[in-house]
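The block underneath contains the structure these notes are about, expressed in structure tokens.
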Amino acid sequence: MAVYAIGDVQGCCDELQQLLDVLNVDPVTDRVWFVGDLVNRGPQSLQTLRLVKSLGDSAITVLGNHDLHLLALALANNAPAPDACLQAVLEAEDCNDLTGWLRNRPLVHHDPSLNTLMVHAGICAEWGLDECLGYAAEVESVLQGDEPESFLRQMYGAKPNRWSDNLSGINRQRFIVNCFTRMRYYNPDGSLDFAAKLAPEHYAARSDCKLTPWFRMPKRKAASARIVFGHWSTLGYINEANVIGLDTGCVWGGKLSALRLDEPAPLVQVDSRQAKVF
């Protein structure tokens with residue numbers, strides 16, 4: 001059995017199918033981990049959802065911010081702006097089936113046998129492994145419950161941007177979701193910065209912008225586990241200090257990447273078929 005992790009697909013279904021073919025994935029014996037953001041921005045969100053769902057138990061997917069965006073549109077009729085890229089999903093006859101499957105995906109996946117945790121964006125530096133799983137379960141229970149609409153209507157926003165055990169209700173849920181699906185940087189005061197999206201070297205020489213990538217925070221409590229994530233296309237592929245970033249910007253004309261997790265292996269990539277942005 002092989003275990004692969006694949007970076008952000010974002011509706012690039014043709015590239016995903018090509019990558020699965022290159023990997024020669026056997027859905028009976030192999031496992032394919034998806035770091036989230038299956039949908040949006042790319043041309044084939046509907047086909048991507050259908051393909052990943054068709055893989056059954058061999059596909060393990062965590063929710064990304066764009067996946068939650070789709071759920072907000074589908075279940076709560078709520079989003080900051082309409083999104084034409086997702087219209088085909090919303091109008092599909094199997095929309096309810098696909099979004100029902102999607103909202104039952106976790107925010108975090110942990111495999112103790114591989115000492116590996118997968119998340120879309122990042123892990124709060126103050127959370128250990130058990131805390132990550134517990135806080136993820138809090139929000140998953142809401143999304144998978146009978147009335148996810150209230151949360152989906154209130155999840156947008158960058159506040160609060162600092163963790164406290166005293167957070168409760170929607171503020172607590174929003175912070176948890178923003179950590180797992182949106183975070184990139186910490187400010188010097190320990191708050192999260194959701195505006196900065198470029199690679200660390202872009203900010204390194206700026207005296208007015210002292211930011212620390214979440215995975216380079218000192219004394220990060222979950223540092224003993226290998227962490228696989230996506231979300232950060234300008235960062236690209238990284239494999240450092242037990243942290244693996246797999247978003248290589250397929251939707252922006254980059255590449256779609258996969259890495260085998262159960263044994264040492266080289267990175268596998270296919271070229272994007274989308275217009276090149278970087």
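The values are calculated or read from the model by the stated rules, or taken from the named source; none is laboratory data. Quantities reported herein were computed from a predicted structural model and do not represent experimental measurements. Neighbour counts are summed over all protein chains in view; Cβ atoms, including those assigned to glycine, are modelled from backbone coordinates with ideal geometry.
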Please work out which residue is nearest to Thr99 (Cα to Cα), limiting yourself to the stretch 46-75 and to residues that are of a type in the set (Gly, Ala, Ser) and touching a strand residue (DSSP E or B) at 6+ places or on another chain (Cβ under 7 Å). Ala59
Which residues, taken from the stretch 227-278, are part of a strand (DSSP E or B) and among the aliphatic types (A, V, I, L, M)? Ile227, Val228, Ile238, Val243, Ile244, Leu256, Ala258, Leu259, Val268, Val270
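For residues that are of a type in the set (Gly, Ala, Ser) and within 19 Å of the chain's Cα centre (by Cα), scanning just the stretch 41-55, find the one that is farthest from Asp111 (Cα to Cα). Steps first, answer last, please.
So the first thing to find is which residues in the stretch 41-55 are of a type in the set (Gly, Ala, Ser), and the list is 42, 45, 54.
Imposing the further condition that a residue be within 19 Å of the chain's Cα centre (by Cα) reduces the set to 42, 45.
Working: Gly42: 30, Ser45: 27 Å.
Among those that are of a type in the set (Gly, Ala, Ser) and within 19 Å of the chain's Cα centre (by Cα), it is Gly42.
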Return the pair list, or none, for Cβ contacts closer than 7 Å from residues in the stretch 54-65 that are without any contact (Cβ under 8 Å) to a residue 12 or more places away in the chain to residues that are charged (D, E, K, R) and part of a helix (DSSP H, G or I), at least 6 apart or on different chains. none
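Which is modelled with pLDDT of 95 or more, of a type outside the set (Phe, Trp, Tyr), touching a strand residue (DSSP E or B) at 6+ places or on another chain (Cβ under 9 Å) and surrounded by 21 or more Cβ atoms within 10 Å (Cβ to Cβ), of Leu246, Leu267? If you could, list the steps in order and put the result at the bottom.
Values: Leu267 fails: surrounded by 21 or more Cβ atoms within 10 Å (Cβ to Cβ).
Only one candidate qualifies: Leu246.
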Suppose we keep only residues that are crowded, with 17+ Cβ neighbours inside 10 Å and not in a loop (DSSP other than H, G, I, E, B) within the stretch 209-225. Which one would you say is farthest from the chain's Cα centre (by Cα)? Thr212
Within the stretch 79-116, restricting attention to residues that are at pLDDT 95 or above, within 21 Å of the chain's Cα centre (by Cα) and assigned to a loop (DSSP other than H, G, I, E, B), which residue is farthest from Gly42 (Cα to Cα)? Asn115
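For the condition in contact with a strand residue (DSSP E or B) (Cβ under 9 Å, 6 or more places away or on another chain) and surrounded by fewer than 17 Cβ atoms within 10 Å (Cβ to Cβ), what is the one hit in Arg260, Arg206, Arg273? Talk me through it step by step, then tell me what you get.
Details: Arg206 fails: in contact with a strand residue (DSSP E or B) (Cβ under 9 Å, 6 or more places away or on another chain); Arg273 fails: in contact with a strand residue (DSSP E or B) (Cβ under 9 Å, 6 or more places away or on another chain).
Just one listed residue meets the conditions, Arg260.
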Quick check on Arg31: is it in contact (Cβ under 8 Å) with a residue 24 or more places away in the chain, charged (D, E, K, R), touching a helix residue (DSSP H, G or I) at 6+ places or on another chain (Cβ under 7 Å) and on the phi > 0 side of the Ramachandran plot? no
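Just checking, does the stretch 179-199 include any residue being part of a helix (DSSP H, G or I) and more than 19 Å from the chain's Cα centre (by Cα)?
no
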